[in-house]
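**Student:** Pasting a structure here, questions to come.
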Amino acid sequence: MYRKYFKLYNKIPKNKNYDIIRELCNFIIIKDIYIQFTKINFPIIWVKKGKLIKLIKILKNLSKPYDMLFDLHGIDERFRLYKKNIPKTDFTVFYHLISIKRKQNIIIKVSLSIKNLIIPTCTNIFSNANWYERETWEMFGIIFDGHPNLKRLIMPKNWLGFPLRKDYNSRATDFKPFILSNEQEKLNMDYLKFDSKLYETKKKKKNKNYMFLNFGPNHPSVHGVFRIILKLKGENIIDCIPDIGYHHRGAEKISERQTWHSYIPYTDRIEYLGGCINEMPYILAVEKLANIKVPEKVKVIRIMLSELFRINSHLLYISTFIQDVGAMTPVFCAFTDRQKIYDIIEHITGARMHPAWFRIGGVANDLPKNWNILLDSFLKWIPNRLKQYTEISLKNSILINRSSGIAQYNKLEAISWGVTGSGLRATGIDFDVRKWFPYSGYENFDFEIPLGSGISDCYSRVMLKLEEIQQSLIILRQCLNNMPKGPFKADHYLTTPPYKSRSLKDIETLITHFLQISWGTIMPANESFQMVEATKGINSYYLISDGSSTSYRTRIRTPSFPHLQQIPSVIRGSMISDLVAYLGSIDFVMSDVDR
């Protein structure tokens, strides 16, 4: 250790999350990295572009490696006002890595100049870096040198500009009126034509007959507007290429124009089956920025709503999976059960699918009368229904033969593709955010994490979801029996909206209320992050505040995005019918993929 860097070394916080920084000093000189301190409670280190790949390889080859690439994306830093605690940079690429054995996170950042937006690819280190780098390229124009297929992923092929750059307008009214001439229409239609040469993954061999098949984008088994280009020899899949982006609506860009509070309804619609679960990571990340600590009652209410939505989503997943492999009745039964859950949610929030009910600093209202009666009735009703699903359908020999041993992958493959949720736990890895990194009071609840035997296949994934419902029922029973008393909002000046009774007290509080609702609350300049165990895996929000009423950068990491990227590696060599079962077992919706 060089003496002149000793002071910097001593500034490293003395908690286990930052032990990795001291460990890295055995491999690199501390002057080669810059440590950024934020509201994120794990290390963020900046490294020069030339040292990036070396650092990533070091982290991945440790005895307890950082073996999962959780997220990768970019930031346009050019118009950021509060940049004192970061190196000089025009654009930033960040790499979020997770160590499964350590149960720890780390973010690596690399600064780039607008004159040289080139950075080496890490696709040869992490399998799932492929799509993340392609998305970052088309959103910011950052070139990943050595990438095997740096083409548009989400945006149309003829799209002009880089949408997540700060000088790219975010409102339709900022653009000139849209005109579609005959020439433009013909050009757009030509872009949609299928050209088999573009999808040739290997050289064609003589006497090898095969065909291409468009599976989707409107096939019922692709669960949304999603296309898979299949290369077939008879019924066997030689290769396949997922084609996403049909559902993209710029959720991250929208966050830059909405106030912190008015963006909440958009979070509901990122994954439209999760409802309040998708509000949780955003709300918690904002509350970190504001230093808001919510009352215990708020924590339990949030958990109760989240677990209700988890059961609701899992019921739809299980029933549609059964439908995909050939049975119809369970879907109608599941929708009956889901309506009972929606009745509880509507009684509490006033809405059903998209309540937008969590607030910065609390929830919208206190619990209404008789909420406990409805919840208790449901908790008594659902166990027998779950037994029926199991005995009638999930233990059916036809379903077992159609799904057991199909679309298998092991622990290493799951980690390399960034799989989270039940797909990862089916391999035997105990990774649930509610236990690993407890949030909103989950550490106070008693529940188990169902695990698989070591190989994840279609059948083990669906059975794991059924067991997760049982654990959610245990959590809900604890919410019912132990709901704390107290306020439903924090007593904090940045809580939005403030109590109405205080707003009407005098003119000053009324003006404050008006400004917070119309212009938006001003959040302190900083960075924060929150991940949650959502219905389909880990969902997270990475927020940057520039001391404004809107977010400077919102990065939404969804579980379905990497899960679809994994499809070709799992399904090659299988049959089309196996692909249908596999897609049903992933549990994805395209709004969660495309955002």
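The values are calculated or read from the model by the stated rules, or taken from the named source; none is laboratory data. All figures in this text were calculated on a predicted structure; none of them were measured in a lab. Positions of Cβ are backbone-derived with ideal geometry, glycine not excepted, and every protein chain shown enters the neighbour counts.
**Student:** Of the residues Ser460, Ser518, which is modelled with pLDDT of 80 or more and buried (at least 18 other Cβ atoms within 10 Å of the Cβ)?
**Tutor:** Sole residue among the options that is modelled with pLDDT of 80 or more and buried (at least 18 other Cβ atoms within 10 Å of the Cβ): Ser460.
**Student:** Further question on the same structure: If the Cβ limit is 6 Å and pairs must be 6+ apart or interchain, which residue in the stretch 481-500 that is at pLDDT below 80 and aromatic (Phe, Trp, Tyr) pairs with which residue that is surrounded by 13 or more Cβ atoms within 10 Å (Cβ to Cβ) and not in a loop (DSSP other than H, G, I, E, B)?
**Tutor:** Once the first residue is at pLDDT below 80 and aromatic (Phe, Trp, Tyr) and sits in the stretch 481-500, no partner that is surrounded by 13 or more Cβ atoms within 10 Å (Cβ to Cβ) and not in a loop (DSSP other than H, G, I, E, B) comes close enough.
**Student:** On the given criteria, is Gly421 touching a residue at least 60 places away in the same chain (Cβ under 8 Å), among the small types (Gly, Ala, Ser) and touching a strand residue (DSSP E or B) at 6+ places or on another chain (Cβ under 9 Å)?
**Tutor:** Criteria met by Gly421.
**Student:** Filter the stretch 45-67 down to residues that are within 19 Å of Leu412 (Cβ to Cβ) and touching a residue at least 40 places away in the same chain (Cβ under 8 Å) and give me whichever is surrounded by the fewest Cβ atoms within 10 Å (Cβ to Cβ).
**Tutor:** Among them, the one singled out is Lys57.
**Student:** Checking Pro156 against (1) surrounded by 15 or more Cβ atoms within 10 Å (Cβ to Cβ); (2) part of a loop (DSSP other than H, G, I, E, B); (3) touching a residue at least 40 places away in the same chain (Cβ under 8 Å), only one condition comes out false. Which one?
**Tutor:** (1)
**Student:** For the stretch 508-533, what are the residues that are hydroxyl-bearing (Ser, Thr, Tyr) and in a strand (DSSP E or B)?
**Tutor:** Once the filter is applied, which keeps residues that are hydroxyl-bearing (Ser, Thr, Tyr) and in a strand (DSSP E or B), the stretch 508-533 yields only Ser528.
**Student:** Which of the residues that make up the stretch 566-595 are charged (D, E, K, R) and either buried (at least 24 other Cβ atoms within 10 Å of the Cβ) or within 13 Å of the chain's Cα centre (by Cα) (or both)?
**Tutor:** Asp587, Asp592, Asp594, Arg595
**Student:** Of all residues in the stretch 547-565, how many are crowded, with 24+ Cβ neighbours inside 10 Å and in a loop (DSSP other than H, G, I, E, B)?
**Tutor:** Matching residues across the stretch 547-565 total 2.
**Student:** Among the residues of the stretch 364-399, what is the count of those that are touching a Leu at 6+ places or on another chain (Cβ under 8 Å) and β-branched (Val, Ile, Thr)?
**Tutor:** Residues meeting the conditions: 2.
**Student:** Does the stretch 561-569 contain at least one residue that is without any contact (Cβ under 8 Å) to a residue 24 or more places away in the chain and β-branched (Val, Ile, Thr)?
**Tutor:** Checking the stretch 561-569: not a single residue is without any contact (Cβ under 8 Å) to a residue 24 or more places away in the chain and β-branched (Val, Ile, Thr).
**Student:** Every residue in the stretch 222-237 that is under 19 Å from Ser569 (Cα atoms), buried (at least 17 other Cβ atoms within 10 Å of the Cβ) and of a type outside the set (D, E, K, R), please.
**Tutor:** Scanning the stretch 222-237 gives Val222, Phe226, Ile228, Ile229, Leu230, Leu232, Ile237.
**Student:** Can I ask one more? Given the conditions (1) loosely packed, with under 15 Cβ neighbours inside 10 Å; (2) among the polar types (S, T, N, Q); (3) in a helix (DSSP H, G or I), report the number of the one that Thr136 does not fulfil.
**Tutor:** Of everything listed in (1) loosely packed, with under 15 Cβ neighbours inside 10 Å; (2) among the polar types (S, T, N, Q); (3) in a helix (DSSP H, G or I), Thr136 misses just condition (1).
**Student:** Still on this structure, please answer the following. Find the residue count for the stretch 240-259, including only residues that are at pLDDT below 90, among the charged types (D, E, K, R) and under 18 Å from the mean Cα position of the chain (by Cα).
**Tutor:** 1
**Student:** Sort through Lys505, Lys536 and tell me the only one that's modelled with pLDDT of 85 or more and assigned to a loop (DSSP other than H, G, I, E, B).
**Tutor:** Within the list Lys505, Lys536, the selection yields Lys536.
**Student:** Which number in (1) part of a helix (DSSP H, G or I); (2) surrounded by 14 or more Cβ atoms within 10 Å (Cβ to Cβ) marks the one condition that Phe335 misses?
**Tutor:** All conditions pass for Phe335, except number (2).
**Student:** Quick check: is even one residue across the stretch 195-216 assigned to a helix (DSSP H, G or I), at pLDDT below 80, under 30 Å from Ile270 (Cβ atoms) and touching a strand residue (DSSP E or B) at 6+ places or on another chain (Cβ under 6 Å)?
**Tutor:** Yes, that holds for at least one residue.
**Student:** Considering only the stretch 381-443, give the helices (runs of 4 or more DSSP H) lying wholly within it that have at least 1 residues that are within 19 Å of the chain's Cα centre (by Cα) and either at pLDDT 90 or above or in the same structural domain as Lys297 (by TED's automatic domain parsing) (or both).
**Tutor:** So the answer is 411-416, 422-425, 433-436.
**Student:** Does any residue of the stretch 549-562 turn out to be more than 21 Å from Lys39 (Cβ to Cβ), in the same structural domain as Asp446 (by TED's automatic domain parsing) and either among the hydrophobic types (A, V, I, L, M, F, W, C) or over 25 Å from the mean Cα position of the chain (by Cα) (or both)?
**Tutor:** Scanning the stretch 549-562, I find at least one residue that is more than 21 Å from Lys39 (Cβ to Cβ), in the same structural domain as Asp446 (by TED's automatic domain parsing) and either among the hydrophobic types (A, V, I, L, M, F, W, C) or over 25 Å from the mean Cα position of the chain (by Cα) (or both), so the answer is yes.
**Student:** Taking into account only those residues within the stretch 263-279 that are touching a strand residue (DSSP E or B) at 6+ places or on another chain (Cβ under 9 Å) and in a loop (DSSP other than H, G, I, E, B), which is nearest to Thr535 (Cα to Cα)?
**Tutor:** Out of the qualifying residues, it is Gly274.
**Student:** Note down all Cβ pairs under 7 Å where the first residue falls in the stretch 369-392 and is more than 13 Å from Leu466 (Cβ to Cβ), the second is acidic (Asp, Glu) and modelled with pLDDT of 85 or more, and they're at least six residues apart or on different chains.
**Tutor:** What qualifies is Leu374/Asp343.
**Student:** Given the residues Ile348, Ile406, Ile415, Ile360, which is the only one that is without any contact (Cβ under 8 Å) to a residue 60 or more places away in the chain and of a type outside the set (Phe, Trp, Tyr)?
**Tutor:** Ile348
**Student:** How about the stretch 174-190: which of its residues are within 13 Å of Pro156 (Cβ to Cβ) and among the acidic types (Asp, Glu)?
**Tutor:** Asp190
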